[in-house]
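Worksheet: one structure, shown below.
The values are calculated or read from the model by the stated rules, or taken from the named source; none is laboratory data. What you see is a predicted model; the values in this text were computed from it and never measured. Neighbour counts run over all protein chains shown; Cβ positions are idealised from the backbone, glycine included.
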Amino acid sequence: MTSPTDPIVLIGPMGAGKTSVGRRVAKALDVPFYDSDKAIVREHGPIEDIFAEQGEAAFRALERDAVATGLATAGVVSLGGGAVLDPQTRAALADHRVVLLTVEPRVVASRVRGTNRPLLNDADPMARWTAIMTERGPIYRELADVVFDTSHGPLQGVVDAITAWARTPSQEDA
């Protein structure tokens, strides 16, 4: 059972705006913000280096620990796109309010262009993004309590909608 004081967790694909939206939602709710990817970089160095030197499995273990820390300490937690692949992370999210941010492929192309995202280091990054989204989409939808699309309009509209949703007690708490 969740309540308006439980952390809000943002999940979704690369380029959906989880960090940008999460920071703004945390500010609007006056709660701490935590970004699992940024925490990993702070503690262990660049994600692309972890992937190159230790592999994806090692990164996912670091990510699982970072997510657990965020869930225990923050009011709004932004997860890396692949964090939901870990069964322990998925189980931990069951006790929290989960927001899925979506984005249209044509919009995400400009958002991820020129970034150092290891999973998009491919001859056709957008084909790779689409394949990843196809794989993860069902997991995202299964975990989400609510879905907001960040493809159109200013992000502030999404921030306002999430903030309003977060301030509303769930039906099971009523």
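Observations, loosely collected:
- The number of residues in the range 140-153 that are surrounded by 15 or more Cβ atoms within 10 Å (Cβ to Cβ) and in a helix (DSSP H, G or I) comes to 2.
- Selected residue (criterion: farthest from residue 137 (Cα to Cα)) from residues of the range 13-60 that are in contact with a Gly (Cβ under 9 Å, 6 or more places away or on another chain) and basic (Lys, Arg): 60
- Residues in the range 115-174 that are modelled with pLDDT of 90 or more and of a type in the set (A, V, I, L, M, F, W, C): 13 in all.
- Which numbered condition residue 28 fails, given (1) surrounded by fewer than 21 Cβ atoms within 10 Å (Cβ to Cβ); (2) more than 19 Å from residue 162 (Cα to Cα); (3) small (Gly, Ala, Ser): (2)
Residues checked against (1) in contact with a strand residue (DSSP E or B) (Cβ under 8 Å, 6 or more places away or on another chain); (2) free of Cβ contacts under 8 Å to residues at least 12 places away in the same chain; (3) β-branched (Val, Ile, Thr):
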| site | (1), (2), (3) |
| --- | --- |
| 54 | no, yes, no |
| 80 | no, no, no |
| 98 | yes, no, yes |
| 107 | no, no, yes |
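- Residues (closer than 18 Å to residue 135 by Cα and surrounded by fewer than 23 Cβ atoms within 10 Å (Cβ to Cβ)) located in the range 89-102: 90, 102
- Residue in the range 32-46 that is basic (Lys, Arg) and over 29 Å from residue 126 (Cα atoms) present: no
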